[in-house]
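The values are calculated or read from the model by the stated rules, or taken from the named source; none is laboratory data. Small disclaimer: the values here were computed from a predicted structure and weren't measured. Here the Cβ positions follow ideal geometry from the backbone for every residue, glycine too, while neighbour counts run over all protein chains shown.
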Amino acid sequence: MKIEDQIRSKLTTAFSPELIEIKNESHLHQGHAGSPNSGESHFRVHIVSARFDGKSRVERHRMINEVLSEELAGPVHALAISADSAAKT
């Protein structure tokens, strides 16, 4: 399974999002020191979920990092997160 698919599956299961967008930006980082050149190392996530209602930005990011801890410990070098509560939209 592609890393992008794993990220989508885990975030969907954990947060039942109203919106989830995942963008693979690995091609923008080819050749830089931290890039493993795997084609699946740098991602940008935008997610909207009621699970984030009442949570601070830091709390929302920690929740996502916890769910994706396996990916962040291995193949994912960088993850840009935009996480909004459903109440905000």
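If you go through segment 69-84, how many residues are in contact with a Lys or Arg (Cβ under 7 Å, 6 or more places away or on another chain) and over 14 Å from Glu40 (Cα atoms)? Number of matching residues: 1. When Ala87 is tested against the conditions (1) part of a strand (DSSP E or B); (2) at pLDDT below 95; (3) small (Gly, Ala, Ser), the lone failure is (1). Do we find that Ala80 is at pLDDT below 85 and of a type in the set (A, V, I, L, M, F, W, C) in this structure? Answer is no for this residue. Total residues in segment 6-34 satisfying the condition of being assigned to a helix (DSSP H, G or I) and either aromatic (Phe, Trp, Tyr) or at pLDDT below 95 (or both): the figure is 5. Checked against (1) modelled with pLDDT under 95; (2) in contact with a strand residue (DSSP E or B) (Cβ under 7 Å, 6 or more places away or on another chain), Gly74 passes all but a single condition, namely (2).
Scanning segment 48-85 for residues that are free of Cβ contacts under 8 Å to residues at least 40 places away in the same chain, of a type in the set (Val, Ile, Thr) and under 19 Å from Ser9 (Cβ atoms) yields a total of 1.
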